[in-house]
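Okay, structure first, notes after.
The values are calculated or read from the model by the stated rules, or taken from the named source; none is laboratory data. Keep in mind the model is a prediction, meaning the values are calculated, not measured. Every residue, glycine as well, gets a Cβ built from its backbone with ideal geometry; the counts of neighbours run over all protein chains shown. Just the protein is used for accessible areas: all its heavy atoms, side chains included, with ligands, DNA and RNA removed. Shrake-Rupley method; radii C 1.70, N 1.55, O 1.52, S 1.80 Å.
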Amino acid sequence: MNNHRSSERGSVMSWNVFKFCAGFRFLGSIMILFVLSIVAFSYYALVVANYGPALFIGGIHSLTAFSLLLLFHFLLAMLLWSYFSVVFTDPGHVPSSWRPSIDEERGDADPLVESAYMGADVLSNDLSASGAQEYRRVRYCRKCNQFKPPRCHHCSVCRRCILKMDHHCIWVVNCVGALNYKYFLLFLFYTFLTTALVTLSLLPYFIAFFGDEEISGSLSNLAVSFVAFVLNLAFAISILGFLIMHISFVAANTTTIEAYETKTTPKWHYDLGWRKNYEQVFGTDKRYWFIPAYSDEDLRRMPELQGLDYPVQPEVVALQQL
């Protein structure tokens, strides 16, 4: 009886989680409009209400306004380019023809397709006894009915397996995975720089809101500047923390999911040193490090950018197999 009730509770919990994840899909479409609304509001407060009119004052004020608006528009363009690159880039799906590599002489799975952490292996129901022995460490997704490459996880929101999945982000209505993780990091980077710039630029108007000194512009523009300052300050602080966290993930060559599921693992076999780890995300061509794109040469000679194959530390893999 108790087992039956536990099973019922488990079923209800799974159903509720599924419905919760399904709600993300609906919310995500609204979040794009929300992001663009924040951008538009900040643009109005900075450009239309304050520094745009300052261009026609003349003197040092016009030069300062011109320099600030030039930098702001550059950062805003990079922010939007990175954002829509995350939104419209497939994070990486498992090809239907993908199969794990097998050492025919040993009958063992290639270490690169073994589970990244012990105890998380899933076998197919229809594998034969000999097949189960041969693929005992090969990861298999019951929901997609297909093998899972290394570092691949199933997303309940997208309802499919994502290569090197980091998390599902409702802000971009997409999963963050192998093929768009760099774009997501650049989106965080340029969002922080843009919100920080807007915050500093509107600081005099925020101070004037509580002071007695007169300031040019209408009272409504002053109120808009006040709200935009608070909004951008809040985003800058929160995004800075998020950006620092993901920089640490890149330095250790891990993802949000892997960082949680391997927190008790003493050594991570994908950690090749901070520089090589960085290049696995941003590529080796420095000209492309700060734009949401890769060079053709990097895409051709770096299989890890495709999300199916990742180099490891052989000595760490050997220790984990003991």
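Here are a few things to note about the model shown:
- Summarising the label geometry, the points placed 7 Å from Cα in the beta-carbon direction at Phe74 and Ser238 lie 2.9 nm from one another.
- Taking amide H positions as modeled 1.01 Å from N, with prolines and chain starts lacking one, the residues under 5 Å from Asn174 and 5 or more places away or on another chain are Cys169.
- In region 139-206, a dipole from Cβ-located charges (positive for Lys and Arg, negative for Asp and Glu) runs towards its positive end, and of Met165, Phe147, Tyr205 it is Phe147 whose Cα lies farthest in that direction.
- Exposure check, 1.4 Å probe, all protein chains in place: Cys158 carries approximately 40 Å² of accessible surface.
- Spin-label model, Arg142/Lys286: points 7 Å from Cα along the beta carbon direction are separated by 5.1 nm.
- Dipole moment magnitude, nearest 20 debye, region 179-297 about Cα centre, only Lys, Arg, Asp, Glu C-beta charged: 440 debye
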